[in-house]
Amino acid sequence: MATLTINQKKGQFGNNPYGNMTALIFSVQADNGGFIVNTNHKEVPKAGDIIHVGVLPEGFIPFGYRTLVEKEFTAGAFDVGFSYTDGVDDDSYPQKDTGLFTLPTLTEKDGSTDGNLKPKALPKSAYLDLKVTTPTAKGDKAGHLTIIVFGTLQGHA
């Protein structure tokens, strides 16, 4: 099993005049060879591989999400979870490698999902992870998935 890390653009937007709500936006792209773009891995992901999509900061309280397939993938399916960046689980908020929320069908353009999450502050920074259930594949389509996680920033625990 391999672990891929996507190099997301640094930057976070939020902090409106009425509180500390923010939207963390993550992008997952595959080229027509099935390779995940802008990552540290040079192979097509296989079933069971983990893709670190980006970081959810310590003290972040996620309460909702929205996903959108902007360009359909030739093939591929992922399950969503999170893991702590230091690799050590926390009993007060255990890591979840699958089932955090659902994704749309990646082979259909404009597919989307949204929903609520159980609001609870992350005790430390965590990766938003995609676990590969069906590998991406070589084909005529370069896929693009956008994931937005809504929450509030409470700062360090």
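The values are calculated or read from the model by the stated rules, or taken from the named source; none is laboratory data. Since this is a predicted model, take the numbers as computed values, not measurements. Because the Cβ atoms are built from the backbone with ideal geometry, glycine has one as well, and the counts that use them run over all protein chains shown.
The figures follow:
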{"read-out": "Criterion (modelled with pLDDT of 90 or more, at negative phi and assigned to a strand (DSSP E or B)) met by exactly one of Val55, Val88", "value": "Val55"}
{"read-out": "Scan of region 74-83 for residues that are assigned to a strand (DSSP E or B) and over 15 Å from Leu4 (Cα atoms), ordered by number", "value": "Ala77"}
{"read-out": "First in region 27-49 and under 17 Å from Asp140 (Cα atoms), second anywhere and hydrophobic (A, V, I, L, M, F, W, C) and at pLDDT below 85, Cβ under 6 Å, 6 or more apart", "value": "Gly34/Ala137; Ile36/Leu4"}
{"read-out": "All strands (runs of 3 or more DSSP E) inside region 92-157 with 2 or more residues being loosely packed, with under 15 Cβ neighbours inside 10 Å and at pLDDT 90 or above", "value": "112-116"}
{"read-out": "Per-region count, region 78-115, residues small (Gly, Ala, Ser) and out of contact with any Pro (no Cβ under 9 Å at 6 or more places or on another chain)", "value": "5"}
{"read-out": "Among (1) buried (at least 17 other Cβ atoms within 10 Å of the Cβ); (2) more than 19 Å from Ser27 (Cα to Cα); (3) hydrophobic (A, V, I, L, M, F, W, C), the one test that Val88 misses", "value": "(1)"}
{"read-out": "Looking only at region 28-78, and only at residues there that are of a type in the set (Phe, Trp, Tyr) and under 30 Å from Thr152 (Cβ atoms), the one that is surrounded by the fewest Cβ atoms within 10 Å (Cβ to Cβ)", "value": "Phe63"}
{"read-out": "Residue in region 63-74 that is aromatic (Phe, Trp, Tyr) and modelled with pLDDT under 90 present", "value": "yes"}
{"read-out": "Residues being among the aromatic types (Phe, Trp, Tyr) and either at pLDDT 90 or above or in contact with a strand residue (DSSP E or B) (Cβ under 6 Å, 6 or more places away or on another chain) (or both) - total across region 35-52", "value": "0"}
